[in-house]
Each structure stands twice: as structure tokens, then as C-alpha cells.
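The values are calculated or read from the model by the stated rules, or taken from the named source; none is laboratory data. Since the structure is predicted, the reported quantities are computational estimates derived from the model, not experimental observations. Don't worry about glycine lacking a Cβ; one is built from the backbone with ideal geometry, like all the others, and counts go over all protein chains shown.
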Amino acid sequence: MSTSVPAKSGDRWKNPLAYLLARMHHPENQGFLREDQIFLILALVIGALTGLAVVAFILLTERAGLRLYPVGGSPWRRLLFPIAGSLGIGYLLFRYFPYARGSGVPQTKAALYARDGFISLRTVFGKFFCTSATLASGIPLGREGPSVQVAAGIASVLGRSLGLRPEKVKALLPVGAAAAIAAAFNTPMAAVVFALEEIVGDMNAPVLGAVVIASATSWMVLRVLLGNNPLFKVPQYQLLHPVELVIYAVLGVLGGLVSATFARLLLGIRQRFLQFPRSTVWFQPVAGGLLVGVMGWFVPQVMGVGYGFVGDVLNGRMVLSMMVMLVVLKLLAVTVSYASGNAGGIFAPSLFIGAMLGGAVGTVAHWWLPAYTATAGAYALVGMGAVFAGIVRTPMTSVLMIFEMTQDYAIIVPLMIANLVSLFIASQFQKQPIYEALAVQDGIHLPSAASRRERDQRHIIQVLRAAPDPLPAEITLREALEKIGDSRAQTPFQSWIVSDQLGVIGVINRTRLEEEHTRDADKKLSDILNAVAFPHVHADQGLDLALERMGANQIEILPVVGRADARKLEGIVTLRDVLDAYGVTPHELGLS
């Protein structure tokens, strides 16, 4: 950005953004505003804009839904609107807003870790419009996850417009995420914890101050525009007898099983949809719309976000049979709707399913032990937290969120017990957190929580080298052996990268190539390699991981691929380079 012309005082009213940029970057005005001061001001602006966006989300999705498919209205409306909405929005997502699909949380994390904090203005508008229309038509997804992506997009656009460094732009994304959750759930403290626990992965992140400012600002905007009303109105609860803690632990077990079922079902169905031809992507969301429409014809409570029905359960106004039925129907409707490509999140569905599950458990417990147990509403409240913790894998956020919703300290201990049990059970049956698994299905490899904590190790990028020409995946094993010939005279490696038109599909060594050749020489290389799960590393990972994967696969080179596209070859890392980085002389190991 040019710094040769100072800002004119009259420009501040004609173009305030240009005036601010000129004052910030001109050498004579370096004391005017530093980048860290701009960062804090941006946190306020992001919080305010996010609050307005969330309020618009709430008004559009709730009021439109009440008009389009009222519970007591004609069944044909509940059948027609989800189908028409998913069809129209499916085309818009495919044609104009490809990055606006899904929840918004994995897309935000992908922007943070794989795209230098970049979220386009088109995606912001597309996410807001498509999600609003999707939810208003009755698709039973949530608005909280999309709010996170919209807010992070606002932060990204503002940061890049002000010419902030990429590191600062990336740091603004969790600021926007916190503002979104604070307004969407009316829980500013839980929003701060969510941004640090899920988005950043570090509870001691240096962006804590800005996250708090944005969260508080967004929350204040919500209160000013929609009033001082909690998301759910619930009576005060108390622990009647210690035996209840056992029932809450059982609820945690059931919550964990339901959470794991939800995650595995969603990922499995989504994988099937991803295997269909690309030409069908625009039409796929109709599968979710059709299922929701058919269910809504008979059970209107399945449709939409459903927070009103959650309120009924929390206040003991729903029968056991309906709660059990809604656990099953909502789980199916949400997983198919999300997996087929509709725009919407899984926060609200997890709370809905958890409330129904908890209410059902509480009703049964109160029937059996009326003198020792609270009413079903208390269990519904704990069930919300348990399923949320099991699906989203943010136990601290879950505890704080439910506490802020109720302002009731008595519920904290049962909530912590159920949350931890649910988290443990869910992680046993579904090892990978759902947001990371969704990103992997899209070819985006997000850093795990463990890898994000590794700050001082040697990294792949320090020894990255250009990749040699890969072997084409379409050639036969016989042609591959002829092609490499006596490779010892040409290259020190006895392993080769294999790629097709889309990128890397694997690595093969001479030993395996010769073994497979003896079985069927006319097989293609692509037939013996797994393009989804092949040994690889990313440039920001450690050299110790490269050594581990080389040893496990008996190869001396590894492809280095991108996080945003796991098939994109960025270079290779070799065993010799890794050993050199650790100060080990190769010829001592017989490698020279």
C-alpha cells in the first residue's frame, strides 16, 4: 500500500476508510493508530455487525417459518416448502455460493488454518441468504454454525480491507466466531470459551481480549434490539437426592451413544452423497427436503429449528411418546438434510435432540422414583448439554452455555457428570471429532489439538524439496517397472509418488511394486493404491511424524500435500533430509 501521500483532512468525511488507512500507514502518522489498536477497534465493529446479522437471522428464520408452515396449517404446506426450498437453495449453492454449504464451523477453521484467514464477501452474503431461506423453509438445521462463518467472514473482509497482515486477519476469525455464539445463544461467557476451545484450540490464546470485547458487544446489540430475554425460559431446579446423580450418569451414557450415532450416520450418509457425480450436486439437497416434508406432514414438530418445542420439554409440556419419537425422527431428518448439502448447522439440532432425550429419561425416572427425582425438565436441560458435548466435543462450552441459559448453579454438577460421561462414550465410538471429519471428507486436513500445541519442534517446511516427476496412476504395473528401469543409476530413491489428473494418490516402493507385478502385471497403479488414505505429511507438521510414517510404510520419501487440498503436491521430504536435520550422518546408517 502506498505511503507517499499523506491523508487530507477533508477526506475523513468523504471516505473515512481511505482516510484511516492513509493515516495508519503513512510514515509521518505512525503514532496515530498502531495495528494492535486497530485490532481492538475492529473487535468492537465486528461485534456490532455480528449482533445485527444474528438478530436478522433470528427474525427471518423464526417469523418466516411460522408463516410458511404453521403447526396447525395445511399438511401440503409442510410438504411443499422444504422440497421447494432445498431445490432452489441447492441450485444457488452449487452455482453461486459453493463455500456456503454445511455448518460454517469447519469452513471457518479451514479459513483459519488452510487459507490465511480468507473468506470472501460473496460467501458472507451467500451464507446468510441461503441459510435464512433454508431454515425458513423448514429444513431442521441450526443458525448458530452459519452465524459463526458469517461473523468470521465479516472479520476477514474488514481485516483485509484495512491492509492488516495475514497473521492479524487470521486472528480476527475467532473474534467473529465468539461474537456470533454470544448473540445466537445469548451466552457471552460460553462464546468466549467456544472461540478458544474449538476454533483456536488454545484457552490461553493471545486474542482473548479481542474475543471478550467482540462477544460483549454482540451480546449488547442483541439485548438492545430483542430485549433482555433468555433463549429458553425454564423454572429453577434443585438436586432432590444423591441418587439423581446416577440417573444423570445414565443420561450421559445415552447422550454419548446418541452423539456417536449422530456423527457416524451423518458422516456415512455424506460420504455416499460425495460419491455421486458432480452434476448432481445442485439437486442433492432435495433428498433432505423430501424427507423433512414427508415427516412434517405427519409430525410438524420435526420441522425448523424447533426451539419452541425445546421450551415445551424444559417446562414439562410434552408427553413421553412424542419425545422418544422426536429423538429418532429429528436425528434422521438432520443427518440427511446436512449430508445432502443443505446450508445450516448442527448446534441447534444437538440441543433439540438432547432435550428430547433428557426429557424422556427424566419422565421415566420420575415415574419410577417420584420422591427422589426432579421433573423431566431438569433432565432435558442436562440432556441438551450432554448431547451437545458429545457431538461438538466442547465440554467446557457446553457447561457454561447451559449455566448462562438458566442462571442456576444447582444444575452445574449434574451437567458436568453427564457431559464428561457423554464425551467419553462418544469419543470411544467416533474417534475423530465431527468437524475435523467433515473437513477431511472435503479434502481439508485441519491440525489436531495435539499438533496445534507443538510449537518448538522441527517442521517439514524446513527440509521441503521439489518433487520428482510422479508415476501416472493409469499405467500398468509392467509399464511402471519398465519406466523406472534401473533407478539406482538415476535416483537415490526406491520409492515413487503416484498421481492422477486430480493429484497425488499414493506412494509405492520397489518391493511392493514387484510383488504386485508377480500377481497381475496388467493391473493399473491406481488399483493397488488408496487415494483417500495414503501416507503423507503437511508442511507445518513435525519431522518426527515424517519418520514415523516412513517407517510404518517402508518408504524413504513422503509427499508433502496442502491442507486445503490433500491431493495437491507441494513437494517431498526424504529420509536423508530428515536425518540431516537431526544431525545424523547418513553413511553411518548405510544410506549413502
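When the criteria are applied in full, Tyr248 fails the requirement of being surrounded by 23 or more Cβ atoms within 10 Å (Cβ to Cβ), hydroxyl-bearing (Ser, Thr, Tyr) and farther than 20 Å from Gly385 by Cα. In this entry, Ala64 is excluded by the filter for residues that are out of contact with any strand residue (DSSP E or B) (no Cβ under 9 Å at 6 or more places or on another chain), within 26 Å of Val221 (Cα to Cα), of a type in the set (Gly, Ala, Ser) and surrounded by fewer than 16 Cβ atoms within 10 Å (Cβ to Cβ).
Has segment 137-144 got any residue that is in a helix (DSSP H, G or I), over 16 Å from Arg115 (Cα atoms) and either outside the structural domain of Val392 (by TED's automatic domain parsing) or in contact (Cβ under 8 Å) with a residue 60 or more places away in the chain (or both)? Steps first, answer last, please.
Taking segment 137-144 first, the residues in a helix (DSSP H, G or I) are 144.
Narrowing further to those that are over 16 Å from Arg115 (Cα atoms): 144.
When the remaining residues are screened for being either outside the structural domain of Val392 (by TED's automatic domain parsing) or in contact (Cβ under 8 Å) with a residue 60 or more places away in the chain (or both), the result is 144.
Yes: one or more hits.
All conditions in (1) at pLDDT 90 or above; (2) farther than 20 Å from Pro535 by Cα; (3) of a type in the set (Gly, Ala, Ser) hold for Ala437, with the sole exception of (2).
Sort through Ala171, Ala180, Ala210, Ala155 and tell me the only one that's modelled with pLDDT of 90 or more, closer than 23 Å to Ser398 by Cβ and part of a helix (DSSP H, G or I). Working first, answer last.
On the way: Ala171 fails: closer than 23 Å to Ser398 by Cβ; Ala210 fails: closer than 23 Å to Ser398 by Cβ; Ala155 fails: closer than 23 Å to Ser398 by Cβ.
Checking each option against the conditions leaves just Ala180.
Of the numbered criteria (1) more than 20 Å from Arg563 (Cβ to Cβ); (2) touching a residue at least 24 places away in the same chain (Cβ under 8 Å); (3) surrounded by fewer than 24 Cβ atoms within 10 Å (Cβ to Cβ), the one Asp116 fails is (1). Check whether at least one residue in segment 357-366 is farther than 30 Å from Gly296 by Cβ and either touching a residue at least 24 places away in the same chain (Cβ under 8 Å) or assigned to a loop (DSSP other than H, G, I, E, B) (or both), and report yes or no. Yes; the residues of segment 357-366 include at least one that is farther than 30 Å from Gly296 by Cβ and either touching a residue at least 24 places away in the same chain (Cβ under 8 Å) or assigned to a loop (DSSP other than H, G, I, E, B) (or both).
Mind counting the residues in segment 307-321 that are part of a helix (DSSP H, G or I) and either in contact (Cβ under 8 Å) with a residue 12 or more places away in the chain or touching a Leu at 6+ places or on another chain (Cβ under 7 Å) (or both)?
Within segment 307-321, the first condition is being part of a helix (DSSP H, G or I), and the residues that meet it are 307-314, 320-321.
Subsequent filtering for residues that are either in contact (Cβ under 8 Å) with a residue 12 or more places away in the chain or touching a Leu at 6+ places or on another chain (Cβ under 7 Å) (or both) retains 307, 309-311, 313-314, 320.
Qualifying residue count, segment 307-321: 7.
Conditions tested, residue by residue: (1) surrounded by fewer than 17 Cβ atoms within 10 Å (Cβ to Cβ); (2) without any contact (Cβ under 8 Å) to a residue 60 or more places away in the chain.
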| site | (1), (2) |
| --- | --- |
| Ile508 | no, yes |
| Arg519 | yes, yes |
| Asp522 | yes, yes |
| Asp527 | yes, yes |
| Asp540 | yes, no |
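Does Gly304 count as buried (at least 24 other Cβ atoms within 10 Å of the Cβ) and not in a helix (DSSP H, G or I)? For Gly304, the condition - buried (at least 24 other Cβ atoms within 10 Å of the Cβ) and not in a helix (DSSP H, G or I) - is met.
Against the list (1) surrounded by fewer than 24 Cβ atoms within 10 Å (Cβ to Cβ); (2) over 30 Å from Arg78 (Cα atoms); (3) small (Gly, Ala, Ser), the condition Ala136 fails is (2). If the condition is being of a type outside the set (Ser, Thr, Tyr), touching a Ser or Thr at 6+ places or on another chain (Cβ under 9 Å) and modelled with pLDDT under 90, then segment 60-97 contributes Leu60, Ala64, Gly65, Leu68.
If the condition is being more than 17 Å from the chain's Cα centre (by Cα) and more than 28 Å from Ser120 (Cβ to Cβ), then segment 191-215 contributes Met203, Asn204. Is there a residue being surrounded by 24 or more Cβ atoms within 10 Å (Cβ to Cβ), at positive phi, at pLDDT below 95 and not basic (Lys, Arg) anywhere in segment 328-342? The answer is yes, given that some residue of segment 328-342 is surrounded by 24 or more Cβ atoms within 10 Å (Cβ to Cβ), at positive phi, at pLDDT below 95 and not basic (Lys, Arg).
How many residues, within segment 119-148, are within 23 Å of Asp565 (Cα to Cα) and of a type in the set (Gly, Ala, Ser)?
The first filter runs over segment 119-148 and keeps only residues within 23 Å of Asp565 (Cα to Cα), leaving 119-124, 126-127, 145-146, 148.
Next cut, of a type in the set (Gly, Ala, Ser) only: 120, 126, 145.
Qualifying residue count for the region: 3.
Of all residues in segment 374-419, exactly one satisfies the criterion of being of a type in the set (D, E, K, R) and assigned to a helix (DSSP H, G or I), namely Glu404.
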